[in-house]
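S.K.: Sharing a structure below in structure tokens format, with a few things to ask.
The values are calculated or read from the model by the stated rules, or taken from the named source; none is laboratory data. Please read all numbers here as calculations on a predicted model, not as lab measurements. Cβ atoms come from the backbone with ideal geometry, glycine included; neighbour counts cover every protein chain shown. Ligands, DNA and RNA are stripped out before the accessible areas are found, and what is left, the full protein with its side chains, is counted by its heavy atoms. Shrake-Rupley method; radii C 1.70, N 1.55, O 1.52, S 1.80 Å.
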Amino acid sequence: MQLTIERAEDFARMPLAYLRQEYPNHIMHVLHGAADVLSPRAMHPVFYGCYDWHSAVHGFWLLLRCVQRFPALPARSDIEDIFDEHFTRELMERETDYFRVGGRGPFERPYGFGWILALDQELAQSALPRAAAWRSAMAPLTMEIRSRLLDYLSKLSYPIRVGTHYNTAFALALSLDYARHVQDSELETVIVDSALRYFSKDTDYPAHYEPGGDEYISGALTEALLMSKVLSSADFPAWFDRYLPRVAEVSQIMQPAHVSDPTDPKIAHLDGLNLSRAWCMKTVLRHLPATHAARAAMETSVQRHIGASIDQVVGSHYSGGHWLASFAMLALED
């Protein structure tokens, strides 16, 4: 279960097809009148494919990630073509205009916010010759999202711990990586302070209640992922032991979720849960001492979770195929 160039090519071929596929489409759209009844592509001329807006965003992220890891990727020229086609100043300005309409403040908040910032980070570190131009075209949208995230955190009194799009810790983890990469000290400080305010005092998290029936994020493990990035190497192990004591004994976390129907868009989320759990556990393990009591159980659980869902990614039903490869990439990366 290694990330190979062959597997990365298979992953990349999925968004290369789906990013231009407008239907079926799940839209979240506030209507102010009859004139607002629009097609997905009319509303979102860049991120109209992959079933929903955020999946289109991280579909582009995945393409960059694949070619970054494997510069000789056979799909490289196709990846450059699709970015040239979509990442233009005119189209990105129209994407940004969507957010400027009144009543759309909560649109894609915070999940899509985190993925836009992750995409900008990937563009910033890309070696592709035209990546800087694509990033420049997306800059108005990036800055709009950055501003909206800061505003959101200023008024979010309580963290959202659900295992779906509204999870606070997931978006903050992606956004913190971005802030540090681009050296945005203001954003980094706000995210770190928010994470400490929301999560630093958490103890004995009820992980045995996971998973819910349509989750693709573990509330327990995603919070631990974020705090491994926020706390110092000296402080994180003690926090983790207070937060998830005896985690190796919590079978609901250590065992992969069962996916009864991969063609059901909500139940298919559970394949993503298995993959995102693996990513979280791998990240957490890098911040725990080699002698930690849960290490062996977590290392085994990582492989078990990947094994449970990795074969459901390539060639899967569109319910999972439009987004799962991004989570598979996270799970397989070192």
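S.K.: Kindly indicate which of PRO129, PRO140 is assigned to a helix (DSSP H, G or I) and farther than 21 Å from ALA224 by Cβ.
M.R.: Exactly one residue qualifies, and that residue is PRO140.
S.K.: Need the failing condition index for VAL190 against (1) among the β-branched types (Val, Ile, Thr); (2) open to solvent by 30 Å² or more (accessible area, probe 1.4 Å); (3) under 26 Å from LEU330 (Cβ atoms); (4) out of contact with any helix residue (DSSP H, G or I) (no Cβ under 6 Å at 6 or more places or on another chain), just the number.
M.R.: With (1) among the β-branched types (Val, Ile, Thr); (2) open to solvent by 30 Å² or more (accessible area, probe 1.4 Å); (3) under 26 Å from LEU330 (Cβ atoms); (4) out of contact with any helix residue (DSSP H, G or I) (no Cβ under 6 Å at 6 or more places or on another chain) applied to VAL190, the lone miss is (4).
S.K.: Scan the range 260-278 residue by residue and report those that are surrounded by fewer than 24 Cβ atoms within 10 Å (Cβ to Cβ) and of a type in the set (A, V, I, L, M, F, W, C).
M.R.: Within the range 260-278, just ILE267 meets the criteria.
S.K.: Scanning for something open to solvent by less than 10 Å² (accessible area, probe 1.4 Å) and more than 26 Å from GLY105 (Cβ to Cβ), does the range 24-32 turn up at least one residue?
M.R.: The answer is no, given that none of the residues of the range 24-32 is open to solvent by less than 10 Å² (accessible area, probe 1.4 Å) and more than 26 Å from GLY105 (Cβ to Cβ).
S.K.: Pull up the range 250-297, narrow it to residues that are among the hydrophobic types (A, V, I, L, M, F, W, C) and touching a residue at least 60 places away in the same chain (Cβ under 8 Å), then point me to the one that is nearest to PHE236 (Cα to Cα).
M.R.: Per the stated criteria, the residue is VAL284.
S.K.: Is it the case that SER301 is out of contact with any Asp or Glu (no Cβ under 9 Å at 6 or more places or on another chain) and touching a residue at least 60 places away in the same chain (Cβ under 8 Å)?
M.R.: In short, no.
S.K.: Among the residues of the range 316-327, are any without any contact (Cβ under 8 Å) to a residue 60 or more places away in the chain and open to solvent by 20 Å² or more (accessible area, probe 1.4 Å)?
M.R.: Within the range 316-327, one or more residues are without any contact (Cβ under 8 Å) to a residue 60 or more places away in the chain and open to solvent by 20 Å² or more (accessible area, probe 1.4 Å).
S.K.: Further question: Find the residue count for the range 146-165, including only residues that are surrounded by 16 or more Cβ atoms within 10 Å (Cβ to Cβ) and under 28 Å from ALA268 (Cα atoms).
M.R.: 6
S.K.: Within the bounds of the range 128-136, is there any residue that is at pLDDT 95 or above, under 16 Å from HIS54 (Cα atoms) and not aromatic (Phe, Trp, Tyr)?
M.R.: Checked the range 128-136: no residue is at pLDDT 95 or above, under 16 Å from HIS54 (Cα atoms) and not aromatic (Phe, Trp, Tyr).
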